[in-house]
Amino acid sequence: MPKLIFIEADGTRTEVDAPVGKSVMEAARDGNVSGVVADCGGSLACATCHCYFSNDQIADLPAKSDTEADMLDFANAEVKDGSRLSCQIIVTEAMDGWEINVPDTQ
């Protein structure tokens, strides 16, 4: 099972087991990553699972949908090039060891 490392704004690192086929948001929620709130439970109706992915990681992910891009407009934290809603990213084996940064606010 892949492991994801979530790095919160204060530097706290949380390593979680991330089942393949689940969303990155579900892995964070189930792993008690406090910076990923996930108010809508993954229904693409909020931006409280906003995370920052590196350029290398973004290159390996499917493009964001128009709806995801629109929802990111509602994010409380700064939206950067690597901003994605983690509910829209499905875990794969290739993600093992990925470090994902969590914004300082959701």
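The values are calculated or read from the model by the stated rules, or taken from the named source; none is laboratory data. No experiment lies behind these values; they were computed from the predicted model shown. Please note: Cβ atoms are built from the backbone with ideal geometry, for glycine as well, and neighbour counts cover all protein chains shown. Ligands, DNA and RNA are stripped out before the accessible areas are found, and what is left, the full protein with its side chains, is counted by its heavy atoms. Shrake-Rupley method; radii C 1.70, N 1.55, O 1.52, S 1.80 Å.
Could you check the chain for strands (runs of 3 or more DSSP E) lying wholly inside it with 1 or more residues that are basic (Lys, Arg)?
Strands (runs of 3 or more DSSP E) meeting the threshold: 3-7, 13-17, 83-85.
Looking at the stretch 82-103, I want the residues that are on the phi > 0 side of the Ramachandran plot and have a partner that is open to solvent by 10 Å² or more (accessible area, probe 1.4 Å) and not in a loop (DSSP other than H, G, I, E, B) with Cβ atoms under 7 Å, at least 6 apart or on another chain. Which pairs are those?
What qualifies is Gly97/Lys3.
So which residues in the stretch 67-87 are open to solvent by less than 60 Å² (accessible area, probe 1.4 Å) and charged (D, E, K, R), if there are any at all?
Glu68, Arg84
Scan the stretch 55-81 and report the pairs whose first residue is closer than 15 Å to Ile100 by Cβ and in contact (Cβ under 8 Å) with a residue 24 or more places away in the chain and whose second residue is open to solvent by 50 Å² or more (accessible area, probe 1.4 Å) and in a loop (DSSP other than H, G, I, E, B), with Cβ atoms within less than 8 Å and a gap of 6+ or a chain change.
Close Cβ pairs (under 8 Å, with a partner that is open to solvent by 50 Å² or more (accessible area, probe 1.4 Å) and in a loop (DSSP other than H, G, I, E, B)) amount to Asn55/Asp81; Ile58/Asp81; Ala77/Asp104; Ala77/Thr105.
Among Ile100, Ile90, Ile58, which is the only one that is closer than 22 Å to Asp30 by Cα and open to solvent by less than 70 Å² (accessible area, probe 1.4 Å)?
Exactly one residue qualifies, and that residue is Ile100.
Report, by residue number, each residue of the stretch 36-54 that is open to solvent by 20 Å² or more (accessible area, probe 1.4 Å) and under 22 Å from Gly21 (Cβ atoms).
Selection gives Cys40, Gly41, Gly42, Ser43, Leu44, Ala45.
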